[in-house]
Amino acid sequence: MNKIVKAAEIAELIAGTVEGDSAREASGVNSLKLAEANEISFLSNIKYKAQLEATKAGIVLVAADLPLQRKEDQTFIRCANPDRSFTKVCGLFAPEPQKFEPGIHPTAVVHPSAKLAEGVYVGPTAVIEQGAVIGKNTVIGAGVYVGEFVQIGENCLIHPNVSILRHCRLGNKIIIHSGATIGSDGFGYNPTFTGLVKVPQNGIVQIDDNVEIGANTTVDRARFGKTWIKKGVKIDNLVQVAHNVILGESTVLIAQSGIAGSAELGRGVVIAAQAGVNGHITLGDGSKVAGCSAAERSLPPGGSAFGTPGESQEDWVDRHMLPRKVRKLTARIEKLEALLAELQQKKAE
């Protein structure tokens, strides 16, 4: 991008204080390990001090209270929160967002009954089926499939090769990344003597405003009613959301996590990477499921699940600390036994 900023400008942006050369220039951002002399990096945790000592970064954002010594050829910017401040700095060097001129690409297929509002962009080979409604300034990327009677709100960004299947409803300012599928059938079969019989999945998916859904994530349509992704939910890549799941406002699902059918998650729940949530349970507001853990039972507001099967953080720590405590107690007992034997021997003499 050929953008150059000075340390003084960065300090002003993040309300920081320059320690060193305020005129020092930088043209990019990078990690401490990979940064060059013309780049900016950050350190927010003292345990990475060795990386700071080895880095070539010309400008480093550091916490105001960390006792760190800078090198002669280095400039520090002291700030309250280096991690968050670095996010702002990254924005200085971010490429301009791709611009989409309103219109329909000649290779796109749009059913005559579909309604496209002002400012909509439809990319190459996209398909928009009958009865679909798309709101103002929404972008439908290349190869996107929009099924029958789908509703998509205003200012949405649907990246290439997303599938949004029949009757699903999407709100405003939604981002869906490439490869995601919205409204695929929920997984339901009835066992019979002649084999498995598919259970019809007649519901929809409803996605409220300001939701972001990562690449290759699947959100299944409901068996009846709706699978509901509420306002402000953020979903990472490769996540499975099963039929009739409800995700509360501002909930976060991290990569490779899975939510089984009819589970209900409250507001601000965090499901960490590769964690699983059992079907037909409720996770209260603000609860957390740790990475690779399994929440098999409902959690109260603010509750947590660690391990498999999931248990509270306190129980998990106690259980894992028990062997160490037993070893320490065993060592103390052995010392006491040796001391007792020594005293008995002296007494006998």
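The values are calculated or read from the model by the stated rules, or taken from the named source; none is laboratory data. Being a predicted model, the structure only gives us computed values, none of them experimental. As a convention, Cβ positions derive from the backbone with ideal geometry for all residues, glycine included, and neighbour counts pool all protein chains shown. With ligands, DNA and RNA removed, areas are computed over all heavy atoms of the protein, side chains included. Shrake-Rupley method; radii C 1.70, N 1.55, O 1.52, S 1.80 Å.
Are there any pairs, at least 6 apart or on different chains, whose C-beta atoms fall under 9 Å, with the first in the stretch 167-180 and under 13 Å from Val211 (Cα atoms) and open to solvent by 10 Å² or more (accessible area, probe 1.4 Å) and the second acidic (Asp, Glu) and not in a loop (DSSP other than H, G, I, E, B), and if so, which?
Listed by first residue and then by second, the contacts come to Ile175/Glu212; His177/Glu212.
Conditions tested, residue by residue: (1) hydrophobic (A, V, I, L, M, F, W, C); (2) open to solvent by less than 10 Å² (accessible area, probe 1.4 Å); (3) in a loop (DSSP other than H, G, I, E, B).
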| residue | (1), (2), (3) |
| --- | --- |
| Asn244 | no, no, yes |
| Glu249 | no, no, yes |
| Gln256 | no, no, yes |
| Gly268 | no, no, yes |
| Gln274 | no, no, yes |
| Gly279 | no, no, yes |
| Cys292 | yes, no, yes |
| Gly302 | no, no, yes |
| Glu314 | no, no, no |
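When Gly186 is evaluated against the numbered criteria (1) part of a loop (DSSP other than H, G, I, E, B); (2) free of Cβ contacts under 8 Å to residues at least 40 places away in the same chain; (3) not charged (D, E, K, R), which criterion, by number, is the only one it fails?
That leaves (2) as the condition not met.
Does Ile77 count as part of a strand (DSSP E or B), within 23 Å of Glu96 (Cβ to Cβ) and either in contact with a helix residue (DSSP H, G or I) (Cβ under 7 Å, 6 or more places away or on another chain) or open to solvent by less than 70 Å² (accessible area, probe 1.4 Å) (or both)? Explain how you work it out, then say what you get.
On the way: part of a strand (DSSP E or B): yes; within 23 Å of Glu96 (Cβ to Cβ): no; either in contact with a helix residue (DSSP H, G or I) (Cβ under 7 Å, 6 or more places away or on another chain) or open to solvent by less than 70 Å² (accessible area, probe 1.4 Å) (or both): yes.
Judged against the criteria, Ile77 is not a match.
Quick check on the stretch 89-114: of everything there that is more than 21 Å from Leu157 (Cβ to Cβ) and at pLDDT 95 or above, which residue is surrounded by the most Cβ atoms within 10 Å (Cβ to Cβ)?
Of the stretch 89-114, the ones more than 21 Å from Leu157 (Cβ to Cβ) are 89, 92-93, 106, 111-113.
Within this subset, residues satisfying the condition of being at pLDDT 95 or above are 89, 106, 111-113.
On the way: Val89: 22, Pro106: 6, His111: 13, Pro112: 5, Ser113: 13.
Looking at the filtered set, the residue picked out is Val89.
State yes or no: is Ile46 more than 21 Å from Ala8 (Cα to Cα) and in contact with a Phe, Trp or Tyr (Cβ under 9 Å, 6 or more places away or on another chain)?
Values: more than 21 Å from Ala8 (Cα to Cα): yes; in contact with a Phe, Trp or Tyr (Cβ under 9 Å, 6 or more places away or on another chain): no.
In short, no.
Can you list residue pairs whose Cβ atoms sit under 8 Å apart, with the first residue in the stretch 90-118 being farther than 30 Å from Leu61 by Cα and the second being open to solvent by 100 Å² or more (accessible area, probe 1.4 Å)? Count only pairs 6 or more apart in sequence or on different chains.
Pro102/Glu118
For the stretch 216-242, give me the residue count where each residue is over 19 Å from Ala294 (Cα atoms), open to solvent by less than 20 Å² (accessible area, probe 1.4 Å) and outside any loop (DSSP other than H, G, I, E, B).
The total comes to 4.
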